[in-house]
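In what follows, a structure is listed as structure tokens, so that the remarks can point back to it.
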Amino acid sequence: MWIGRHELSTAPGLSCAWAGGGIASTMGDLITFSEALHGGRLVSAEHLALMAAPQGRYRGGIHYGAAMMELRFEEFSPLLRGRSRPLGHLGSSGTSLFHDPASGVHLAMNFHARRELPRLIRTAIAIHTAAA
């Protein structure tokens, strides 16, 4: 993981992850977690809806609820109007995990750096568009 010119992958603590707890995982394990979360095995449907309900805007196209983000593709481009809105989170270290309630697809990606957010979003759009 890089922050500016500083490579932090070997740092003993990753304090920029805030509530991330320094988790180490695989993409497969993240998908398993997302399936359990959105499949009703970790929290009730009511709690999941509360977590996902947008409360504010992180930036255009990315709205924030209580622990989850919602991607609104139509805010990235008007050509993407009518698309579903995946729920999940963009991690501070370049890893993201989203679930598309409309298709049931779970998407975990790791771009290894926060500065790669635009590329991560473009990739999520390309995958979402191809799957639709």
note = Taking 0.36 nm per residue of separation between ARG122 and LEU79 and subtracting their Cα-Cα distance, the length gained on full extension comes to 14.1 nm
remark   = Projected onto their principal axes, the Cα atoms of the chain stretch, largest extent first, over whole-Å spans of 42, 34, 28
task = At 0.36 nm per residue, minus the direct Cα-Cα distance, what do ALA49 and THR129 gain on full extension? Give it in nm, one decimal, please.
result = 26.3 nm
request  = Return a whole-number percent for the relative contact order of the chain, with Cα pairs under 8 Å and 6 or more residues apart as the contact set.
outcome  = 18 percent
task = Please identify which residues in the range 83-103 have an amide N closer than 15 Å to a label point set 7 Å out from the Cα of ILE3, following the Cα→Cβ vector.
result = 91-95
request  = Would you please give the FRET efficiency between SER103 and ALA66, computed as 1/(1 + (r/R0)^6) with r the Cβ-Cβ distance and R0 = 30 Å, to the nearest 0.05?
outcome  = 0.80
task = Give me the accessible area per residue for the chain, probe 1.4 Å, as a whole number in Å².
result = 61 Å²
note = Cα extents of the range 56-132 along the principal axes, largest first, in whole Å, come to 30, 26, 22
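The values are calculated or read from the model by the stated rules, or taken from the named source; none is laboratory data. Keep in mind the model is a prediction, meaning the values are calculated, not measured. Don't worry about glycine lacking a Cβ; one is built from the backbone with ideal geometry, like all the others, and counts go over all protein chains shown. The accessibility values were calculated without ligands, DNA or RNA, using every heavy atom of the protein model including side chains. Shrake-Rupley method; radii C 1.70, N 1.55, O 1.52, S 1.80 Å.
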